[in-house]
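J.: What follows is a structure written as structure tokens; I'll ask about it next.
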Amino acid sequence: MAKDINLIIDKLKIMHGKPRVELVFTNPLELVIATVLSAQCTDERVNRVTESLFKKYRTFRDYLNVPQEELEVDIKPTGFYKNKAKSIQHIAHEIMERFGGSVPQDVDTFTTIKGIGRKSANLIVGLAFGKSAIIVDTHVIRLSNRIGFSDKKDPDKIEQDIKKAVPEDMWTAFSLLITLHGRYLCKAKKPECGRCLLREDCDYWMGGKGNV
């Protein structure tokens, strides 16, 4: 079924408001740290932790100069804090040594840093620098299959399918809105199809699999 992308985005905006990420940040550095902390953790909890974290650590050098054990204590509520502290310090080191302390603005370059996957790189580059980016998280994977943008499971292949279906200037907005839709309406186990404005645009609903 052909998709009217403009109509779909308009409907998503009606349901969820402006395209946005729910992580709180004021600069690229903060978004890098918040993105690392958001793995297996809610944005709400990350925001509670970063409220004080970002006052204590203002540069990548600050994250490098602190003992790892102290950083672990500071980020402990986000879970997996030992791995996250190690990852943050490695990323900070790489950005300082290889990029002079500036967050890379190119996705392919950014993903050469261990700990930065393609989803994270797209998120950071898209939001921190206003570049067009497809952010393929678990929600985008699920909804791309349900709505009918892709029949793939691999995130990289889904990214390519979305790029073919969605105009480049809409990539970031589309990704953010789909994530919000997956988080609040088109949930994994019980999608609320009865409240969804995308029913007529959705292969899942049109195929008789939806819930009223």
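J.: Quick check: pseudo-label points 7 Å beyond the Cα along Cα→Cβ at D154 and D106, how many nm apart are they?
T.: 2.4 nm
J.: Show that you can apply the helix-only estimate: for the chain, add -39,500 (n - 2.57) for every DSSP H stretch of four or more residues, divide by all residues, and state [θ] at 222 nm to the nearest 500. Could the numbers behind the result be given before it?
T.: Values: 12 runs with 123 residues, N = 212.
Value at 222 nm, helices only: -17000 deg cm²/dmol.
J.: Given the alpha-carbon gyration tensor of the chain, what are the semi-axes of its equivalent ellipsoid in whole angstrom, ordered largest first, with each equal to the square root of 5 times an eigenvalue? Before the final figure, lay out the partial values.
T.: On the way: eigenvalues 229, 66, 39 Å².
For the chain, the semi-axes come out at 34, 18, 14 Å.
J.: Can you put Y63, Y81, Y184 in order, fewest other beta carbons within 10 Å first? Walk me through the numbers on the way to the answer.
T.: On the way: Y63 25, Y81 18, Y184 13.
Fewest-to-most Cβ neighbours within 10 Å comes out as Y184, Y81, Y63.
J.: Tell me which chymotrypsin sites (Phe, Trp or Tyr not before Pro) from the range 94-140 have a DSSP coil assignment and no more than 16 other beta carbons within 10 Å of their own. Don't skip to the answer; put the middle values down first.
T.: On the way: sites: F99, F110, F129; in loops: F129.
Those satisfying the criteria are F129.
J.: On to the next question. What is the chain's relative contact order, in percent, from Cα pairs under 8 angstrom and six or more apart in sequence? Don't skip to the end; give the middle numbers.
T.: Values: 253 pairs, mean separation 44.7, N = 212.
This gives 21 percent for the chain.
J.: Using the Cα atoms of the range 1-119 to build a convex hull, what is its mean projected area in square nanometres? Before the final figure, lay out the partial values.
T.: Working: hull surface 36.5 nm².
The Cα convex hull of the range 1-119, projected and averaged over all directions, gives 9.1 nm².
J.: Then there's this: Using the reciprocal of the averaged 1/r over all distinct C-alpha pairs, how large is the Kirkwood radius of the range 106-169 in Å?
T.: 12.1 Å
J.: Could you name the aspartates and glutamates in cross-link range of K114, using Cα to Cα under 13 Å and dropping any fewer than eight places away on the same chain?
T.: Candidates past the 8-residue exclusion: E94.
J.: I've got another one for you. If neighbour count is taken as other Cβ atoms inside 10 Å, put V24, V136 in order from fewest to most. Walk me through the intermediate numbers first.
T.: Working: V24 16, V136 27.
Ascending number of Cβ neighbours within 10 Å: V24, V136.
Rule-based calculations on the coordinates, nothing more; no lab input. As the structure is a prediction and not an experimental result, all values here were calculated from the model. Backbone-built Cβ (ideal geometry, glycine too); neighbour counts: all protein chains shown.
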